[in-house]
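> Input: one structure, supplied below.
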Amino acid sequence: VQLQASGGGLVQAGGSLILSCAASGSPFEINDIGWYRQTPGKQRDFVATITRSRSEFYADAVKDRFTISRDNVKNTVFLQMTDVNFEDTAKYLCYATDSRGKYWGQGTQVTVSS
């Protein structure tokens, strides 16, 4: 299974950004799909996930600022980021699960500037 993330870049504090990640290559249904983020030297932190039935779960740090959604036909997940702050600077890694396992993409960098 391949995951291709896009949409990262430089954004001003208080601004907005939309990330997307497309999963391909699985012969099975994609179940949970979502995002983690990681900064150099630190562990990977959960950001948000959405189930196939569209139940959404968020880390406390992003709740009420980020919104996750998905397109089940295109096996694509979106992360709408609003009111970003410096702590949101990280590489955002998408993942997807099917009946065989969990898969990771290479991620997309988000940098929040003043």
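The values are calculated or read from the model by the stated rules, or taken from the named source; none is laboratory data. Quick caveat, the model's predicted, so the values are computed rather than measured. Positions of Cβ are backbone-derived with ideal geometry, glycine not excepted, and every protein chain shown enters the neighbour counts. The area values use the complete protein model at the heavy-atom level, side chains included, leaving out ligands, DNA and RNA. Shrake-Rupley method; radii C 1.70, N 1.55, O 1.52, S 1.80 Å.
> Short version: ³J(HN,Hα) in whole Hz for each residue of the range 33-41, in order, from phi by Karplus 6.51 cos²θ - 1.76 cosθ + 1.60 (θ = phi - 60°), x for Gly and Pro, what are they?
In residue order, the calculated couplings are 8, x, 9, 10, 9, 8, 10, x, x Hz.
> Another question about this same structure. For the range 1-109, with all protein chains present and a 1.4 Å probe, just round the carbon and sulfur fraction of the accessible area to a whole percent.
47
> OK, next. Output ³J(HN,Hα) for the range 14-29: one whole-Hz value per residue in order, computed from phi by the Karplus curve 6.51 cos²θ - 1.76 cosθ + 1.60 with θ = phi - 60°, and x for Gly and Pro.
Karplus-based 3J(HN,Hα) across the range 14-29 equals x, x, 10, 7, 10, 9, 9, 8, 10, 9, 8, x, 8, x, 10, 5 Hz.
> I'm checking a number: the convex hull volume of the Cα atoms of the chain, normalised per residue, in Å³. What is it?
Considering the Cα atoms of the chain, their hull volume per residue is 89 Å³.
> Something else now. Sort 41-49, 89-97 for me by packing, meaning the mean count of neighbouring Cβ atoms within 10 Å per residue, highest on top.
89-97, 41-49
> Across the chain, how many lysine pairs, 8 or more apart or on two chains, come within less than 23 Å at their alpha-carbon atoms?
Total qualifying Lys-Lys pairs in the chain comes to 6.
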